[in-house]
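Taking it in order: structure first as structure tokens, then the write-up.
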Amino acid sequence: MPELPEVEALADHLRRRAVGHRVARLEIAAISALKTYDPPSSAAVGRTVTDARRHGKFLDVVFDDDLHLVVHLARAGWLHHRESFPSATPLRPGKGPIAVRVRLDDGSGFDLTEAGTQKSLAAYLVTDPAQVPGVARLGPDALDADLATFTERLRSRRGQVKGVLTDQQVLAGVGNAYSDEILHAAKLSPFALTDRLTDAQLATLHEATRRVLGEAVTRSVGQRAAELKAEKRSGLAVHARTGLPCPVCGDTVREVSFADSSLQYCPGCQTGGKPLADRRLSRIVR
Ligand SMILES: [Zn+2]
């Protein structure tokens, strides 16, 4: 799933390639992906792309005269910039991975795609990004929050730190992958409870959040969109590295599985060498 650094890089890419161009055509191939009907998709035609921004994990393509195409890429969504399109034929609805295609006046443009059968990419055409419920609910941006804000937000929600850190209403932008990386960098168990974290632990967590996300943004911005996923993988210490050695202490990276997700952590760095109980496994054993 694209998180703060990847969405920032995609926005940067659009700022360099799409800004200043007018929309020639906006095609909606996956009808269910467009969550709004007013203004209609035809309202974008003829508008100039003036900016591309990020709100948490939402991408916001800004057109002149108060129109925004706000996109949540969900788990398997992506944005592909195209120098040109092979054909002028409109997309056939319901066919293939392309959900939305935006053609610009110079023949270039971009596709919003979603792999797999579970379709959850969401696009909104709105006059104000705050009209998107998920954007309106976002907490402060994880990369911008100062220590006082960060501490206040983390303490506002009692629970396991992994879940609180990925709650977009607490802090915006962190998902499953970067929360694993941030907790590893902060040497905290993903199951540590937020109301038991000391001021010193919160300061370390704040610093780790800024550093992990900041470094990922630096690595990602300027990369071609096609190379972003490989770039993300290359920078990970524990996420998606189950069974591999921790680059910091050499212990074996372990995993805890849930119904539809999993987390990875290093026992040596994060849990005093003790493996965490895998609830799914213990349920099977019992
Ligand atoms: Zn380690």
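The values are calculated or read from the model by the stated rules, or taken from the named source; none is laboratory data. Quantities reported herein were computed from a predicted structural model and do not represent experimental measurements. Reconstructed Cβ throughout: ideal geometry from the backbone, glycine too, with neighbour counts over all protein chains shown. Just the protein is used for accessible areas: all its heavy atoms, side chains included, with ligands, DNA and RNA removed. Shrake-Rupley method; radii C 1.70, N 1.55, O 1.52, S 1.80 Å.
Odds and ends about this structure:
- When Ala115, Ala130, Ala136, Ala200 are checked against the criterion of being open to solvent by 20 Å² or more (accessible area, probe 1.4 Å), of a type in the set (A, V, I, L, M, F, W, C), out of contact with any helix residue (DSSP H, G or I) (no Cβ under 8 Å at 6 or more places or on another chain) and under 25 Å from Tyr37 (Cα atoms), a single residue qualifies: Ala115.
- Among the residues listed as Gly243, Gly214, the single one being within 16 Å of the ligand (Cβ to nearest atom) and at pLDDT 95 or above: Gly243
- Within this structure, Leu121 passes the test of being modelled with pLDDT of 90 or more, open to solvent by less than 20 Å² (accessible area, probe 1.4 Å) and under 19 Å from Ala11 (Cα atoms).
- The lone exception for Val61 - which of (1) over 24 Å from the mean Cα position of the chain (by Cα); (2) of a type outside the set (Ser, Thr, Tyr); (3) closer than 16 Å to Ala130 by Cα it fails: (1)
- Per-region count, the stretch 180-223, residues under 24 Å from Ser234 (Cβ atoms), in contact (Cβ under 8 Å) with a residue 24 or more places away in the chain and hydroxyl-bearing (Ser, Thr, Tyr): 2
- Total residues in the stretch 115-129, condition under 19 Å from Val102 (Cβ atoms) and more than 18 Å from the chain's Cα centre (by Cα): 3
- Any hit, the stretch 89-102, residues being at pLDDT 95 or above, assigned to a strand (DSSP E or B) and closer than 21 Å to Ala172 by Cβ: no
- Only residues that are within 11 Å of the ligand (Cβ to nearest atom), more than 15 Å from Ala186 (Cβ to Cβ) and part of a loop (DSSP other than H, G, I, E, B) were counted in the stretch 251-278, giving 3.
Yes/no per residue for (1) at pLDDT 95 or above; (2) assigned to a helix (DSSP H, G or I); (3) within 16 Å of the ligand (Cβ to nearest atom); (4) open to solvent by 20 Å² or more (accessible area, probe 1.4 Å):
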site: Leu183; (1), (2), (3), (4): yes, yes, yes, no
site: His206; (1), (2), (3), (4): yes, yes, no, yes
site: Arg210; (1), (2), (3), (4): yes, yes, no, yes
site: Gln223; (1), (2), (3), (4): no, no, no, yes
site: Val238; (1), (2), (3), (4): yes, no, yes, no
site: Arg280; (1), (2), (3), (4): no, yes, no, yes
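- Scanning the stretch 186-197 for residues that are among the hydrophobic types (A, V, I, L, M, F, W, C), under 15 Å from Arg158 (Cα atoms) and buried (at least 16 other Cβ atoms within 10 Å of the Cβ) returns Phe191, Ala192, Leu197.
- Checking Ser42, Ser32, Ser87 one by one, the residue that is open to solvent by 30 Å² or more (accessible area, probe 1.4 Å) and under 30 Å from Asp141 (Cα atoms) is Ser32 and no other.
- Of the numbered criteria (1) under 18 Å from the mean Cα position of the chain (by Cα); (2) surrounded by fewer than 18 Cβ atoms within 10 Å (Cβ to Cβ), the one His55 fails is (2).
- Residue list for the stretch 154-173, restricted to those being part of a helix (DSSP H, G or I) and open to solvent by 50 Å² or more (accessible area, probe 1.4 Å): Arg155
- For the stretch 227-236, taking the residues that are hydrophobic (A, V, I, L, M, F, W, C) and crowded, with 16+ Cβ neighbours inside 10 Å, the one that is nearest to the ligand (Cβ to nearest atom) is identified as Leu236.
- Some residue of the stretch 259-273 being farther than 24 Å from Leu143 by Cα, modelled with pLDDT of 95 or more and open to solvent by 70 Å² or more (accessible area, probe 1.4 Å): yes
- Counting the residues of the stretch 58-80 that are assigned to a strand (DSSP E or B) and surrounded by 18 or more Cβ atoms within 10 Å (Cβ to Cβ) gives 15.
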